[in-house]
Structures are given as C-alpha cells and as structure tokens.
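S.K.: Below you will find the structure I want to go over with you.
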Amino acid sequence: MKKIIVLHLFFYAAFTGMAETIFVKNAEELSKANTAAKPGDTIILRNGYWNNVTMTLNCTGTKENLVTFKAETAGKVMIAGHSKLKIGGTYIVVDGLFFTNGFAGKDAVITFRTGKSEIANNCRVTNTVINDFNNPLRLQENYWVALYGKNNRLDHCSFINKKNIGVLLAVVLDDERSRENFHSIDSNYFGVRLPLASNGGEIIMVGVSEHCQFNSNTQITDNFFEYCDGETEIVSIKSCSNLIRNNVFKECQGSVVLRHGNYNTVESNVFLGNGKKGTGGVRIINKGQWVVNNFFNKCRGEGFRSPLSIMNGVPNSPANRYLEVSEALICNNSFYECSPMGFCVGSDTERSVQPYNVTFINNLFYNTKDKQLYNAYDDIKGISFAGNLADKTITQQMTNGFVRTSLTAKKISNIVIPGAGVNAANTIPDSLQSLSGNRLTSSLSSKQGIPDITQLQRTIKNALGCGAKWFNLTSSIKNQVAVNCQTAASVLLQLEKNKDAQLTINLTGTAYHFNSPLHMNGHVTITSPVKQSIQFSGTDLPFFIQLKAGNNLSLKNLRLDLSAVMANTFITTDTSGSSNHSNFSMFNCSITNCNSVFFT
C-alpha cells in the first residue's frame, strides 16, 4: 500500500509541476537550472565568489508563480572578475547578489535582455548591490544597468562609486518591444558619483535623443540619490510621459533634466542642496512638463544648475535639439534659501525662442540670503505668473504674479521647511485642475508651496530605508599613521612601508634631496611643524612627485623652496587613464622659486 501512495505522489509532482528549490554552486550548474526551471521554482546560489561568470537567465515563470534566483545569503554571493548578468525571460526575480571587485567590459553589468531577439518582460532585480564595479580605464564606457522590455522592476538595490564614463542606469527604447514599458525604478540608493568632467556621468537616462518622441512611461519613485556629482544631469529624461516622484536628492551637483520628450511629471521630490555649491533642482525643456509639489532646500546652483531653470528653444528645432518650452506647469513648489531661478536659460542667437503658454503659480520662496529671486535672460512674457509668495528680503523688481510678504519656517526632521502660504484666489484654471487627476497623486492646491508636509516627512524618512538593507554604506577607515621624517631617505621608506595606511609625514628637517621621484600610492598628508623654509632638491627628474590613481595627496602648513628642483613637473598624476580618481589639496602653504610646471 505504501508503494502505491509514493507512486501517486510522484505522478502528482510530475503532472502538476510542483515547485522545487534547487541549489547551485557555479555557473555551469546555474545554466542547467535555468534551462530546467519551471514556474514557481527557486534556484539558490551558494555563498562564495563567483569569478569571471556570464549569468544568462531566460526561463519562463508566470505572474502567479515566479522563477526566483536567490543568493543563499544576501550579499554573500559575490560576483567578481569579468562578469555580468543577462536576463531575457519572463517573470524572473533575481535577489541578493553583490557585484564587487570586478568589471563588465563593454556590456552592462546587468542587462534586461540576453540578446537582440530575447528581452525581459515582467522581471525584477531586487536587494542587489553594485559597488565600484568599474572598467579599469576611465574612458572605457559602459552602463551598470540596461533596462529593455516592459514592466520590469529594479528595487531596493544599492549602486555606489561608478567611476568610469557611461550612464549608470539606462532605459533603452530602441524598438516597440521596449516602449510604453511602465518600468518601475523604486526604493534604490544611488550614491557617490564623483565629477566626470564630461558628458556620460548621468545616474539615470530614460531614452536617447533619437527616440525622444516615444512614450516610455517609466516610473522613478521613492529613490535616494546622494552625492551624485557626475555631471549636470542626475536624471536625464529623453522620452515622453515619465514620472519622477517622491525621490530625495541629497547634495547632488546637478538636476533632474527634462531634456527631450513631452508630458513628463516631476512631483513631490525633495532636493536637499544643504548649501553645497552647484546643487540644482529641475531643468525644463519641451512641451507639457509638470513640476509640482517639490521642496528645494538650500540648492545653490547657477545657470543650467539653478534650482529651477526654464530654457529657451531653437527655432524649428528638430526633436533631438532644443524644442521650446510650452504648456508647462510649475505649481505648489517650496524653495528655502535657494539661489535664483533661471528663466530663458541658454538664450543666444541660436536658442532664441522664449517659453510660452507656461503657467507659474502658487509657489513659495523663503529667502533671507539673496536679493534676487530669478534671472531672466530673455523676454518672459510667455510665462503667466500668479499667486507666488516671496520673502520680503527680495529687493528685485519682480514681474506681476509675485507678492512680497513675511514668511515663516519651522524645523521638521532636522530640515527647515517654510510654512504654507495663504489661499490664492482664482489662480488655478479649471482645465489644469481637471488634468491633475490623471497626473498627480492629489489635486493642485490653492495655497502656496507644498500642500502636504506629512508627505514630505514621509519621503525623507523613506529615503533612509532605500537600497539593499544588508549592505553597510560605511566605508572602512584606513589605519592612521603619523611619522616624523628628517631625511629624504626616511620619507621614501615611510611611503613604501605605509601604502595601505592614511599616512601623515611630518617634515622635521629643513633640506631634503631626492635622487628619484616620490610615488604617492596611498592617502598621504605632508606637513611640517618647522616654521622656516624647507628646501626640496633633485636633478634630471621627469617629475618630482607622482600621484597614483585612486590616491590622495595633501600639502599642509609648508613653506617650500623649490629652487634646487630640476624636474619637468613638480606634481603630476599618472597617465594610466584609470577609472579610480585622485585628489590633491593644499592648505596654508607657500611655494617659492619653482622652476618647473607645478601641477599636471
């Protein structure tokens, strides 16, 4: 009788597709599991380093029964070396991977397709981290994430320290299979992108100029962007009908830029400039853009990086150039101690078409630092201003539609927020209020500034929970070593001995002769308690000091006499083109008798 029962169970599992849990320990076993996977199956990747792997997942799940590829322990499956992940199936979930100590080459680290013929739909990557997973050379371009297909989700992931050129996350619209995609990019942490000094340093780009007239319908919501300084565009929108809502941008030297495409919505975001130079907000180009219910705190950017900038357009512009701004709505935004806005930004002989049919209503400007609220670089008669409140500190002669008054502010969640304004009568056209039901989470407010302080608090609080919860953002602090050096030989010895430390060299002598260049391979501070001049010397040197990629050099409290330094350059960076950045700083130093180029 027992044998009959077992037989019945076997046939039940075979014919009903009973879900299985399968453990795999290498790329070969993962490939076999992917091929055999059924809806509802869970494939567990064993903990450890997965080196030099291309993980290709193209199985098929269903809405009710997903196929899940999951780390045995989140963060303990470390994808390293020359590696990448390609997803090209349906209803697949990838959970808990850690990309570290590696690079992906020309391909994206994570691509939502396995080839041109096979894209991902209804797939999800969650609880995953990409940290410093950069191509070795700075100009070796690639994405970290490339989204194709429709209805895919990227959530609760952390992306930190992208250093090489290339957009971090690109939504690709190259054919109909990837348009009107309704992707969700939510609850992620994007952090620490150092200035690239060129284009290609965006965090998110939705579309490219060639596809700017297509709807993407991508939703970028509830993310936390921190120290994203790669270039002027943090989020670059180059398509239509996208939503950017409830995100926090902390001390990012750039803006959300509605570069191409129409009818995009920027709603209920928080821009925490915190007084950092170059911090922006939103830049508006094209038709039908809405910027509503956003909070701008001490954003101090100028020109293209202004807290809010509305650009001029090019006459008869092709879609991929600069279309004029029209039918835009800027409403119920609050600005606290921000630098002036920019109207008709970029106005010149080519960009000569002013914004028109633009509605600018019920915004609030608390400002005790600046005398000017906005810069107008061309005629602003095409912008209708009404019901806007400005602080009495503003002495600029403003156009009609701004009222000076005494504004209040209060501290909430360690952030000072202006109080709501008064009811502004008859400023919101019925046509806009009707449209707001389809575009916003709530109707337009008749009061100036952000209408819902509770929602703002919730957005800021939620930002702290973004990203993969298992990942510790606190970087390891190097061991700090301080040494006294009276001779050149001791300087060279300490540089070699303490490569992995945060080294401070105190020059206690007054003369240092070097027969070879100094190579800075760590984080080094050179200082001196000696008040008199210190002489450096060296002959026939290509350079005196070389700062290696990825390292820091700081000169503090030095009085240097370089008359005996015979070198082409005193300080130079290496020429490897590494994606690792270097930093050089000087504080309270005097340099005399420099016979060579000081820094290259």
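S.K.: Rounded to the nearest 500 deg cm²/dmol, what is the calculated helix-only ellipticity per residue at 222 nm for the chain, with -39500 (n - 2.57) per DSSP H run of length n ≥ 4?
M.R.: Here the helix-only value at 222 nm equals -3000 deg cm²/dmol.
S.K.: Packing-wise, with mean Cβ within 10 Å as the measure, how do 98-104, 251-257 rank, highest first?
M.R.: Most protected by this proxy first, the peptides run 251-257, 98-104.
S.K.: If we sort 46-53, 163-170 on the protection proxy, mean other Cβ atoms within 10 Å, highest first, what's the order?
M.R.: On the way: 46-53: 16.1, 163-170: 23.0.
Listed from highest to lowest mean packing, they are 163-170, 46-53.
S.K.: Sticking with this structure for a sec: So for the chain: antiparallel DSSP bridges make up what percent, rounded to the nearest 5? Intermediate results must be reported in sequence, preceding the final value.
M.R.: Values: 9 of 175 bridges.
Once the DSSP bridges in the chain are tallied, antiparallel ones form about 5 percent.
S.K.: Something else: Could you give each residue of the stretch 157-170 its phi-based ³J(HN,Hα) in whole Hz, using Karplus coefficients 6.51, -1.76, 1.60 with θ = phi - 60°, and x for Gly or Pro?
M.R.: So the J values, rounded to whole Hz, are 10, 10, 10, 9, 6, 7, 10, 7, 5, x, 4, 5, 10, 10.
S.K.: Applying 1/(1 + (r/R0)^6) with R0 = 35 Å to the Cβ-Cβ distance of Lys410 and Trp470, what FRET efficiency is obtained, to the nearest 0.05?
M.R.: 0.45
S.K.: Still on this model: Given a cut-off of 19 Å, name the pairs among Lys38/Lys70; Lys84/Lys163; Lys86/Lys238; Lys84/Lys250; Lys238/Lys287; Lys238/Lys381 whose C-alpha atoms lie farther apart than that in the structure shown.
M.R.: Details: Lys38/Lys70 15 Å; Lys84/Lys163 17 Å; Lys86/Lys238 24 Å; Lys84/Lys250 30 Å; Lys238/Lys287 12 Å; Lys238/Lys381 27 Å.
With Cα atoms farther than 19 Å apart: Lys86/Lys238; Lys84/Lys250; Lys238/Lys381.
S.K.: Just to verify a number: FRET efficiency for Thr539 and Thr73, C-beta to C-beta distance, R0 = 45 Å, to 0.05?
M.R.: After rounding, the FRET efficiency stands at 0.20.
S.K.: Would you grab the residues whose amide H sits under 5 Å from the one on Asn26? Only those 5+ places off in sequence or on another chain, please, with H modelled 1.01 Å from N.
M.R.: none
S.K.: Quick one: accessible area per residue over the stretch 478-562, 1.4 Å probe, rounded to a whole number of Å²? Can you show the working numbers first?
M.R.: Working: 3950 Å² over 85 residues.
So the stretch 478-562 comes to 46 Å² accessible per residue, rounded to a whole number.
S.K.: If you don't mind, there's one more thing I want to ask. Please give the peptides 375-384, 430-439, 258-267 ranked by average Cβ packing (other Cβ atoms within 10 Å per residue), highest first, as a rough proxy for protection.
M.R.: Per-residue Cβ counts within 10 Å, averaged per peptide and sorted highest first, yield 258-267, 375-384, 430-439.
S.K.: Hey, what D do you get for the chain in µm²/s if you plug the Kirkwood alpha-carbon radius into Stokes-Einstein at 25 °C and 0.890 mPa s?
M.R.: 91 µm²/s
S.K.: On to the next question. By accessible area of protein heavy atoms, probe 1.4 Å, what ranking do Phe365, Phe599 get, highest first? Please list the in-between numbers first.
M.R.: Values: Phe365 10, Phe599 85 Å².
Largest to smallest exposure gives the sequence Phe599, Phe365.
S.K.: At a Förster radius of 45 Å, what calculated FRET efficiency corresponds to the Cβ-Cβ distance of Ser434 and Lys38, to the nearest 0.05?
M.R.: Once the sixth-power term is evaluated, E becomes 0.40.
S.K.: Along the stretch 455-460, what does the Karplus equation 6.51 cos²θ - 1.76 cosθ + 1.60 (θ = phi - 60°) give for ³J(HN,Hα), rounded to whole Hz, x for Gly and Pro?
M.R.: Going residue by residue, I get 5, 4, 4, 5, 4, 5 Hz, with x marking Gly and Pro.
S.K.: With θ taken as phi - 60° and the coefficients 6.51, -1.76 and 1.60, list the Karplus ³J(HN,Hα) couplings across the stretch 77-86 in order, rounded to whole Hz; mark glycine and proline as x.
M.R.: Once rounded to whole Hz, the list reads 9, 9, 8, 10, x, 7, 9, 7, 10, 10.
S.K.: Computing the accessible area with a 1.4 Å probe over protein heavy atoms, can you report the carbon and sulfur percentage for the stretch 254-409?
M.R.: Carbon and sulfur atoms account for 43 percent of the accessible area of the stretch 254-409.
S.K.: Working out 0.36 nm times the residue gap between Asp379 and Ser563, then minus their Cα-Cα distance, what length gain in nm do you get to one decimal?
M.R.: Length difference between fully extended and current span is 60.5 nm.
S.K.: Let me ask you something else. Enumerate the residues in the stretch 543-558 having an amide nitrogen under 18 Å from the point lying 7 Å beyond the Cα of Gln480 toward its Cβ.
M.R.: Only 552-557 pass the distance filter.
S.K.: Multiplying the sequence separation of Leu139 and Thr62 by 0.36 nm and subtracting their Cα-Cα distance, what value in nm do you get?
M.R.: Gain on stretching Leu139 to Thr62: 23.7 nm.
S.K.: Which of the aspartates and glutamates could a cross-linker bridge to Lys548, judged by Cα under 16 Å and excluding same-chain residues fewer than eight apart?
M.R.: Answer for Lys548, where 16 Å is the Cα cut-off: Glu496, Asp500, Asp574, listed by chain and number.
The values are calculated or read from the model by the stated rules, or taken from the named source; none is laboratory data. Because the structure is a prediction, the values reported are computed rather than measured. Neighbour counts run over all protein chains shown; Cβ positions are idealised from the backbone, glycine included. Quick note on the areas: whole protein, heavy atoms, side chains included, nothing else; ligands and nucleic acids left out. Shrake-Rupley method; radii C 1.70, N 1.55, O 1.52, S 1.80 Å.
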